[in-house]
Amino acid sequence: MLSQNSLLKRTWPMLVQSMEAHRKPRWLPVAKSKIYRIPKRPVIPEEERLELMRLHNNYKTQMRSIRRFYHEEMIKERSSRESASSEMSKRIEAEEWVKCVELNDSWNKQVAAEREERRKHEVAALEEYALKRMEALDKLKEAKIAKAAEEIRKQKELSKTFITPETIDAAIDHAIANPVDYNFAIDLKGNKYEGRDTQITRNQGKQEKAASANA
Amino acid sequence: MVLPPASGTGKYFVTAAKSIRLIRQGCTNRPFFHISVTHRKRLNTQPVIEQLGSYDPMPNANNEKLVALNLERIKFWLGQGAHVTEPVAELLGLSGFFPIHPRSYMMAWRNRRTERENLAKQEAEKAKEEATK
């Protein structure tokens, strides 16, 4: 099954424009006007043909030898490379390996020193951060406690006026003795009429005005 | 979408046949060719194994057609048994890396012949004009 990755990472496009897009498709027949057309064969004189054959034969022979030369050279090079990897090159390789290891160690040391320093800085920064956070938390807690204490003080002050089982009878008596009616109405002028069943006389203001004018 | 690099992806099968060929890289009315090594059965639009040179068929200001060749790598690929197409073989022949291709000889003598014929025609016309005078 095709994986999605292989589709996304493919090296060449899915749709490639063909070089022969302008040609007519293969399944179309020969055009009517071209049915009886016989393409003209190239006429090569006998002399030229022989000359070309000679040249080609020469060329092919030379090319074969060139090819063989490069092929043999490749084989020789490969074999020399392989033989070189026996003693001399092994010694050289070992030396190079030691050199590489030394270089690597020195780099590692340097990197380790850098890392140590960096870690120190990081730990210091972390400590500072943690301390800051702890301080902030302490402050918050203190503020909360202070707020709660204030609340408690207020409640204690208020508790003197609370109705307790001892004072409940007196409170009931007091309430019965002093009934409070919260019903009231307000007219457009802002006059307040207390009580639920208070009778309101209309045109009261006019009458008053008239009375004042009379007087 | 990322197009494959023209200089080659370096991916190939060791046992598959290779060919050193010209691959057209120019645009409309401006041909330019890369000399690349690819699998013999690959299309010219597909990624090549390696680019070995370039060929600019349009003469420049100094009337030169420039060819660049990486002969070291061409030697390597010939050693690996890569085939060489005819146009590339002609270019290599003219550069002195291969023997001159027979086709180059043929083109040369045909061009010479047409030139000779043209000259003869011109001379004949001149003679005719003189005769009429």
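Only one of the numbered conditions (1) more than 29 Å from A:R54 (Cα to Cα); (2) exposed (fewer than 14 other Cβ atoms within 10 Å of the Cβ); (3) in the same structural domain as B:P5 (by TED's automatic domain parsing) is violated by B:K126, and that is (3). When restricted to residues that are assigned to a strand (DSSP E or B) and loosely packed, with under 13 Cβ neighbours inside 10 Å, segment B:1-41 contains 2. Considering segment B:50-62, and only residues there that are farther than 14 Å from B:L78 by Cα, in contact with a strand residue (DSSP E or B) (Cβ under 8 Å, 6 or more places away or on another chain) and not polar (S, T, N, Q), the residue that is surrounded by the fewest Cβ atoms within 10 Å (Cβ to Cβ) turns out to be B:M58. List the pairs whose first member sits in segment A:140-168 and is surrounded by 10 or more Cβ atoms within 10 Å (Cβ to Cβ), whose second member is not acidic (D, E), and whose Cβ atoms are under 6 Å apart, counting only residues at least 6 apart or on separate chains? Every condition considered, the pairs that remain are A:I163/A:A171. For B:F98, the requirement of being assigned to a loop (DSSP other than H, G, I, E, B), at negative phi and touching a helix residue (DSSP H, G or I) at 6+ places or on another chain (Cβ under 7 Å) is met. Looking across segment B:51-86, just one residue is in a strand (DSSP E or B), within 11 Å of chain A (Cβ to nearest Cβ) and either of a type in the set (V, I, T) or free of Cβ contacts under 8 Å to residues at least 24 places away in the same chain (or both), and that is B:V84. Per the listing B:S95, B:S7, the residue uniquely within 14 Å of the chain's Cα centre (by Cα) and polar (S, T, N, Q) is B:S95. Residue selection: A:A84 satisfies the criterion of being within 30 Å of B:W77 (Cβ to Cβ) and modelled with pLDDT under 95. In a residue-by-residue description of segment A:81-97, the property of being part of a helix (DSSP H, G or I), exposed (fewer than 11 other Cβ atoms within 10 Å of the Cβ) and within 14 Å of chain B (Cβ to nearest Cβ) applies to at least one position.
Condition first: closer than 16 Å to B:L69 by Cα and away from every other protein chain (no Cβ under 13 Å). Now tell me which residues in segment B:26-50 satisfy that. Across segment B:26-50, the qualifying residues are B:F32, B:F33, B:H34, B:I35, B:S36, B:V37, B:E50.
Rundown of residues vs (1) at pLDDT 95 or above; (2) surrounded by 10 or more Cβ atoms within 10 Å (Cβ to Cβ); (3) in contact with a helix residue (DSSP H, G or I) (Cβ under 9 Å, 6 or more places away or on another chain); (4) at the interface with chain B (Cβ under 9 Å from one of its Cβ atoms), yes/no style:
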residue	(1), (2), (3), (4)
A:N5	no, no, no, no
A:L8	no, no, no, no
A:L15	no, no, no, no
A:K24	no, no, no, no
A:P29	no, no, no, no
A:P39	no, no, no, no
A:H56	yes, yes, yes, yes
A:T61	yes, yes, no, no
A:R68	yes, yes, no, no
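Do we have any residue at all in segment B:56-73 that's in contact with a helix residue (DSSP H, G or I) (Cβ under 9 Å, 6 or more places away or on another chain), assigned by TED's automatic domain parsing to the domain that holds B:T15 and charged (D, E, K, R)? Checked segment B:56-73: no residue is in contact with a helix residue (DSSP H, G or I) (Cβ under 9 Å, 6 or more places away or on another chain), assigned by TED's automatic domain parsing to the domain that holds B:T15 and charged (D, E, K, R).
The values are calculated or read from the model by the stated rules, or taken from the named source; none is laboratory data. None of the values given here were measured: they were computed from a predicted structure. In this analysis, Cβ positions are derived from the backbone assuming ideal geometry, glycine residues included, and neighbour counts consider all displayed protein chains.
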